[in-house]
Amino acid sequence: MTLAAKVQIPFWPVPMTLHTFAVMAFALMLGPQMSLTIFTTYLAVGAVGAPVFSGSPERGIGLAYMMGPTGGYLAGYWLAAWLTGLIGHGRGLAMHLVASFAGLTLVYAAGLAWLAFFVPGATLLTVGFMPFIGGDVVKCVLAALIASQWPPKAKRQQETEQ
């Protein structure tokens with residue numbers, strides 16, 4: 001998760017990262033409990049001050065960072081880790097796509113609601129949605145495609161032979 005945060009394109013007030021891809025992929029491949037555990041651990045480590053978030057330590061660390069403009073997106077990813085895994089884990093490509101887009105809806109709902117405290121309402125979609133939605137759709141599709149091939153083919157064959 002930290003690697004996904006560190007791969008970023010800096011935007012203001014929220015950077016573009018690979019979080020969407022990582023959250024959706026973990027949720028689809030590992031299920032709701034494991035993906036929620038992964039993201040909860042990531043948030044806890046970040047909350048105590050480890051520089052795991054995008055732009056940290058330059059943009060702040062710990063709870064101060066989490067309470068900043070990206071806090072709602074972090075909360076949305078936490079919710080999405082659960083919902084995406086709940087809907088899509090162990091299913092096929094179509095349900096992986098449905099699950100990923102349902103999770104992405106939670107990310108944007110929480111992210112934009114929180115970001116509204118930091119930017120004027122007239123610019124909310126311009127700075128918190130429009131620059132990201134195209135890339136996030138691609139990340140969701142990639143996560144769904146990869147997850148639909150999980151577990152790896154050799155493992156699937158071994159399981160069916162048993």
Out of every Cα pair in the stretch 1-46, what percent are spaced more than 11 Å from each other? 67 percent
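Would you rank Phe11, Phe132 by solvent-accessible area, highest first, keeping every protein chain in place and using a 1.4 Å probe?
Phe11, Phe132
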Counting Lys and Arg as +1 and Asp and Glu as -1, what is the net charge of the other residues whose Cβ lies under 15 Å from the Cβ of Trp12? 0
Sites Ala102 and Ala50 - FRET efficiency at Förster radius 35 Å, r taken between beta-carbons, to 0.05: 0.70
Considering the dipole of the chain built from charges on the beta carbon (Lys and Arg +1, Asp and Glu -1) around the Cα centre, which of Val7, Met95, Leu63 is farthest to its positive end? Met95
Which label in [x] 15.9; [y] 17.6; [z] 19.6 gives the computed Kirkwood radius over Cα pairs in Å: [x]
Which value, in Å² and to the nearest 10, is the accessible area of His89 when all protein chains are kept and the probe is 1.4 Å? 80 Å²
Karplus-derived HN-Hα couplings along the stretch 50-62 (A = 6.51, B = -1.76, C = 1.60, θ = phi - 60°), whole Hz, x at Gly and Pro: 5, x, 8, 7, 5, x, 9, x, 4, 9, x, 9, x
Segment Ala94-Thr40, length gained on full extension (0.36 nm per residue, minus Cα span): 16.7 nm
For Met67, the accessible surface traced by a 1.4 Å probe with all protein chains present amounts, in square angstrom to the nearest 10, to 110 Å²
Taking each full run of DSSP H in the chain as one helix, which ones are at least 18 Å long along their axis (Cα atoms) and have mean Kyte-Doolittle hydropathy of at least 0.5? 32-47, 71-88, 93-115, 130-148
Enter the accessible area of Ile146 (Å², nearest 10), with the probe set to 1.4 Å and all protein chains included. 80 Å²
Ignoring everything except DSSP H segments at least 4 long, calculate the 222 nm mean residue ellipticity for the chain; use -39,500 (n - 2.57) per segment, divide by total residues, nearest 500. -21500 deg cm²/dmol
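The values are calculated or read from the model by the stated rules, or taken from the named source; none is laboratory data. These figures come from a predicted structure and were not determined experimentally. Heads up, the Cβs are rebuilt from the backbone with ideal geometry, glycines too, and the neighbour counts pull from every protein chain shown. All accessible areas refer to the heavy atoms of the entire protein, side chains included, with ligands and DNA or RNA removed. Shrake-Rupley method; radii C 1.70, N 1.55, O 1.52, S 1.80 Å.
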